[in-house]
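The values are calculated or read from the model by the stated rules, or taken from the named source; none is laboratory data. Since the structure is predicted, the reported quantities are computational estimates derived from the model, not experimental observations. Here the Cβ positions follow ideal geometry from the backbone for every residue, glycine too, while neighbour counts run over all protein chains shown. SASA here: full protein model, heavy atoms, side chains in, ligands and nucleic acids out. Shrake-Rupley method; radii C 1.70, N 1.55, O 1.52, S 1.80 Å.
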Amino acid sequence: MLKIWGRLNSSNVKKVIWIANELKLPYEHMNLGGAYGGLDDPAFLQRNPNGLVPLIEDGKTVLWESNVIVRYLAAQYGKDTFWIEDPAKRAQAEKWMDWASTTSMPDFRDVMMNLVRLPEDQRDPIVAQRGVQGLSKMMRIANNALEQQPWLTGDHFGIGDIPLGCLVYAWFLFPIEREDMPALEAWYKRLTERPAYQKAVMIPLS
Ligand SMILES: N[C@@H](CCC(=O)N[C@@H](CS)C(=O)NCC(=O)O)C(=O)O
């Protein structure tokens, strides 16, 4: 059976749990990282030398890097649903995956740490505000794309929606002022109607 390691409040772990739920895969989940620790365990480091979650084991396949895991599970178990055979169409979806994880992630981390995770006396409002401005620009880019197409993947929900989908949940919960972005809000609302999203992503921020 598929095994997934990683604390459930991690946006990178959420991606993996979410796609596994979308694909209706049975899996065993083990909490690891954050308050659970365990990332410097030599046996874990042998499997993921980065000492980070998520990590999966699927038969003989051991994999780290959340976006790669999402693509692997879609290709392996979602041939008729989530996998996109046409390389050009797939690349249009994949660009949003890698964009969300590279371009948006540093600002997201700053906001998450300084508005949610750190004890209040350790938070830096300037870092938080800078992060919010950066994220706002990113959300505007996604909003503009979503004015042209219903999903970041294209005509249908798919892998391209997963990484930003994990971040956008927090974006709408952060105690901040947000510009109006109707297409982004409509996309988020459609995500919240998916049971797999509700289960994996819509949990209290911590
Ligand atoms: N690029 C990696 C990043 C993994 C990563 O940064 N994981 C974080 C959680 S989001 C982590 O393991 N942090 C240490 C911890 O949880 O203790 C991926 O996408 O899988």
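Of the residues making up region 10-31, those that are more than 8 Å from the ligand (Cβ to nearest atom) and either over 21 Å from Ser101 (Cβ atoms) or in a loop (DSSP other than H, G, I, E, B) (or both) are Leu23, Lys24, Leu25, Pro26, Tyr27, Glu28, His29, Met30, Asn31.
Confirm whether Glu94 is among the charged types (D, E, K, R) and buried (at least 18 other Cβ atoms within 10 Å of the Cβ). Yes; evaluated as a whole, the condition is true for this residue.
Does Ile4 fit the bill of being in contact with a strand residue (DSSP E or B) (Cβ under 8 Å, 6 or more places away or on another chain), within 11 Å of the ligand (Cβ to nearest atom) and open to solvent by less than 40 Å² (accessible area, probe 1.4 Å)? Taking the combined requirement at face value, the residue does not satisfy it. Evaluating Glu85 against the criteria (1) in a helix (DSSP H, G or I); (2) free of Cβ contacts under 8 Å to residues at least 40 places away in the same chain leaves one unmet condition, (1). Select from region 106-130 the residues that are without any contact (Cβ under 8 Å) to a residue 40 or more places away in the chain, aliphatic (A, V, I, L, M) and in a helix (DSSP H, G or I) and write down the one among them that is surrounded by the fewest Cβ atoms within 10 Å (Cβ to Cβ). Looking at the filtered set, the residue picked out is Ile126. In this structure, does Val13 turn out to be buried (at least 22 other Cβ atoms within 10 Å of the Cβ) and at negative phi? Taking the combined requirement at face value, the residue satisfies it.
Pairing residues of region 57-75 that are farther than 13 Å from Ser101 by Cα with residues that are open to solvent by less than 30 Å² (accessible area, probe 1.4 Å) and more than 12 Å from the ligand (Cβ to nearest atom), at Cβ distances under 6 Å and at least 6 apart in sequence or on separate chains, gives Asp58/Leu2; Leu73/Ile19; Ala74/Phe82; Ala74/Ile159.
For region 32-74, taking the residues that are part of a loop (DSSP other than H, G, I, E, B) and more than 10 Å from the ligand (Cβ to nearest atom), the one that is surrounded by the most Cβ atoms within 10 Å (Cβ to Cβ) is identified as Asp41.
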